[in-house]
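Beneath this line is the structure, given in C-alpha cells, with notes to follow.
The values are calculated or read from the model by the stated rules, or taken from the named source; none is laboratory data. Owing to the predicted nature of the structure, the values given are computational and were not obtained by experimental measurement. A quick note on method: Cβ atoms are made from the backbone with ideal geometry, for glycine too, and the neighbour counts reach across all protein chains shown.
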C-alpha cells in the first residue's frame with residue numbers, strides 16, 4: 001500500500017471561467033505539506049482561484065485536489081472540506097450583525113452542529129482578541145478587528161488546513177503586525193497557505209513559497225532559500241519575486 | 001441568536017428592520033385591497049379575493065427586497081463559505097424563504113383582516129375556499145424568485161426597483177392578455193355569489209408559478225442550487241410541470257371561477273318573499289322591507305306577486321319566480337334604495353331575455369321604468385317634477401292607470417316582453 005503524503009496535493013489542475021477557455025490555473029503537480037506556504041503572484045495570477053479550488057469551493061474543470069489522499073471533490077467531499085478553513089479576501093457581512101452572530105452564521109454555513117458552534121464561538125473570539133466585542137455590531141469594528149473576526153470564522157470547523165487569502169490587505173502597519181503575530185501563533189492548523197501581495201508577510205510567516213504567474217507555478221521551494229538565492233545582496237523578498245517573474249517571462 | 005436563526009434573518013437586517021419591513025408590506029398590500037373601498041364587507045368570498053389581491057403590490061415590493069438582499073449576499077464574499085457547507089443550496093435559498101415568509105405573513109394578515117371584517121359585517125364565511133391562498137402563495141414565490149434571480153446574477157443595487165417593476169409588469173402582461181394570467185391573484189371585483197374558485201384553473205396556475213419559481217431560483221446560482229442530483233431532478237420536474245401548466249393555461253378559456261350547481265339561498269319576508277345567495281345577504285332585510293311597503297299598490301289592483309323573488313344567479317332562470325337583479329355595489333351594501341326595491345318588484349319573472357346576448361325589446365326597459373315610478377309614486381316615495389315625462393299620467397288617478405298596470409304586470413310575469421307598451425300619452 002502506497003503511503004500518502006500529508007497535506008494538500010493538486011494534480012493536472014486546470015480551472016477556467018466559462019465561456020473563456022483559457023485556463024486561469026494550470027498546474028501539473030503541487031503539494032502543500034505541513035507548515036506554512038506562501039502563495040505569491042501579481043494580480044490575476046490565479047491565486048484566489050487556486051485557493052477557492054483548494055478550499056473545496058470551486059470545482060476544477062480538470063484534475064484533482066486531494067487532502068491527505070482524499071479527493072476534495074469526491075464522495076467524501078462533505079466530510080473532508082470541514083477540515084479546511086478558508087479566510088476570504090473579503091467577507092462583507094451585514095453591518096447590523098453582532099460579532100457573535102457572525103461567527104454563529106458562518107458556523108451554520110459550514111455545517112457545524114449548533115451545540116459545538118455555541119461552545120467554540122467564545123473560544124474563537126478569545127483567540128482573536130474579540131471576546132469583549134461579542135455584542136458589538138460589525139459596523140462598529142475597525143478594519144483590523146474585522147479581519148480578525150474573519151479569521152475566527154475561518155476556524156469554526158477547527159480545521160487542520162488554513163487557507164488565507166490576502167489576510168492583511170487594507171490594514172495599517174500596526175494592525176498588520178498584530179494580525180501577523182496572531183496568525184503565527186495560531187494553534188491547530190498543520191497546513192497553512194497564505195496568499196499575499198505583501199512579501200514581508202510571506203517572508204516572515206512562511207517556510208515555503210510558491211510563485212504563481214498566469215496560473216502556472218514558476219517556483220516552489222523554501223522561503224529562506226528563495227530570498228537568499230534570488231533576493232540580491234540585501235536579501236529582498238520583493239526582488240526575489242520580481243527576479244523569478246522576469247526570468248520566467250523572458 | 002443561534003446559527004439557525006442567523007440563517008433566516010442575517011440578510012434581512014435586525015428584528016426591528018424585519019418588523020418595519022412587515023409593516024411596510026402590509027401598508028403596501030392594503031392599497032390594492034382597499035382600491036375599491038370596503039365593498040367586500042358584503043361578501044366574504046370577495047373579501048378573500050381582496051386579501052389575495054394585495055399581492056399585486058406586495059409581490060413586486062417583495063421582489064425588490066429580494067433583489068437588494070441577494071445583491072448583498074452575492075457580493076459579500078460569503079458564497080465560497082456556503083459552497084463548502086454540507087447543503088450550500090439551503091443557505092443560498094434561506095433569505096428568499098424569509099422574504100417569502102414575510103410577504104406571506106403580510107398577505108395573510110390583510111386577508112385575515114378583511115375576511116374578519118366582512119364576517120363581522122354579516123357576510124357568511126366560506127372557509128372551504130381558503131385553499132385559494134395556496135396558489136396565491138405560489139404566485140408570491142415566483143414573484144420573489146424574480147428578485148432573487150436579478151439580485152443573484154446582476155449584483156447591482158439599482159436592479160431592486162427594476163425587479164419590482166418587472167414583477168408588476170408580469171401581472172399587467174397577464175391582465176392585458178399578452179401572456180397567461182399566472183401572476184394574477186384576486187381583484188375581479190364581482191361578488192362571486194353562486195360561484196366558486198375553479199380548482200383546475202388555479203391548479204394550473206399553481207403548477208406554472210412553482211415551475212417559474214424553481215427555474216428562476218436555479219438560474220440565480222446554478223452551481224449552488226443545482227449542486228446535488230436530487231435538487232436537479234426536483235427542479236427539472238417542477239420546471240417541466242410549470243411549462244406544461246403554462247402551455248395549457250395559454251390555450252383555451254380558463255376561468256378562475258365556475259358556477260355552483262345549486263347555490264344556497266337565504267329567504268326573508270312573508271308578504272313579499274325575497275331570496276338572495278347565502279354569501280351576499282347583507283341588504284336582504286332592507287330590501288324586503290322596502291319591497292313590502294311598495295307591493296301593496298300591486299295587491300290593491302288584485303295582482304298576484306310571484307311566490308318569491310330570487311337572486312339572479314348563474315343558471316337560475318326560472319319564469320315562475322321573480323328576479324332580484326342588483327348591481328354589485330347594491331348587493332354588497334347594507335341598505336338599498338327605494339328605486340332598487342321598485343325595480344325588483346317590476347321583475348316578477350326571471351325572463352331569459354334579461355340575460356340573453358340579444359337585448360330585450362326597448363319598450364321593456366321603458367315600461368318597467370314607468371311601472372317602478374308608479375310603485376314609488378303610489379307609496380308616496382316619489383313626487384314628480386313639472387317637467388317629468390310621466391307626471392301627468394302618474395297624477396291621473398288609479399282608475400286611469402289600472403288597465404295599463406294590470407296588463408303590463410301580467411305581461412312581465414309571463415315574459416311576453418314584445419307585447420309591452422307605454423300608456424297612451426306618455
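A few points about this structure:
- Test for residue B:283: is it within 30 Å of residue B:183 (Cα to Cα), within 25 Å of the chain's Cα centre (by Cα) and surrounded by 16 or more Cβ atoms within 10 Å (Cβ to Cβ): no
- Options A:95, A:115; residue that is over 30 Å from residue A:224 (Cβ atoms), more than 9 Å from chain B (Cβ to nearest Cβ) and free of Cβ contacts under 8 Å to residues at least 12 places away in the same chain: A:115
- Answer residue from segment A:118-143, given it is closer than 11 Å to residue A:153 by Cα and crowded, with 21+ Cβ neighbours inside 10 Å and is nearest to the other protein chains (Cβ to nearest Cβ) among those: A:121
- As for segment B:375-398, it holds at least one residue that is in contact (Cβ under 8 Å) with a residue 12 or more places away in the chain and under 19 Å from residue B:325 (Cα atoms).
- Of residues in segment A:98-112 being more than 7 Å from chain B (Cβ to nearest Cβ) and not in a loop (DSSP other than H, G, I, E, B), the one surrounded by the fewest Cβ atoms within 10 Å (Cβ to Cβ): A:98
- Residue among B:87, B:83, B:72 that is in contact with a helix residue (DSSP H, G or I) (Cβ under 7 Å, 6 or more places away or on another chain) and within 14 Å of another protein chain (Cβ to nearest Cβ): B:83
Rundown of residues vs (1) at pLDDT 90 or above; (2) in contact with a strand residue (DSSP E or B) (Cβ under 9 Å, 6 or more places away or on another chain); (3) loosely packed, with under 15 Cβ neighbours inside 10 Å, yes/no style:
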position: A:173; (1), (2), (3): no, no, yes
position: A:180; (1), (2), (3): no, no, no
position: A:214; (1), (2), (3): yes, yes, no
position: A:231; (1), (2), (3): no, no, no
position: A:248; (1), (2), (3): no, yes, yes
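- Put simply, of A:192, A:223, A:153, A:169 the only residue that is away from chain B (no Cβ under 14 Å) and under 16 Å from the mean Cα position of the chain (by Cα) is A:192.
- Unique match (being surrounded by 14 or more Cβ atoms within 10 Å (Cβ to Cβ), at negative phi and touching a residue at least 12 places away in the same chain (Cβ under 8 Å)) among B:162, B:157: B:162
- Which numbered condition residue B:95 misses (of (1) in a helix (DSSP H, G or I); (2) more than 24 Å from residue A:56 (Cβ to Cβ); (3) within 14 Å of chain A (Cβ to nearest Cβ)): (2)
- Taken together, the residues in segment A:76-88 that are facing chain B (nearest Cβ under 7 Å) and either closer than 22 Å to residue A:134 by Cβ or not in a strand (DSSP E or B) (or both) amount to 3.
- Residue match in segment B:180-199 (condition: more than 14 Å from every other protein chain (Cβ to nearest Cβ) and assigned to a helix (DSSP H, G or I)): yes
- Verdict on residue A:148 being over 25 Å from residue A:171 (Cα atoms) and more than 8 Å from every other protein chain (Cβ to nearest Cβ): no
Residues are listed down the side, and each one gets a yes or a no for (1) at pLDDT 95 or above; (2) within 14 Å of another protein chain (Cβ to nearest Cβ); (3) over 23 Å from residue B:246 (Cβ atoms):
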position	(1), (2), (3)
B:76	no, yes, yes
B:103	yes, no, no
B:116	yes, no, yes
B:125	no, no, yes
B:129	no, no, yes
B:139	yes, no, no
B:148	yes, no, no
B:168	yes, no, no
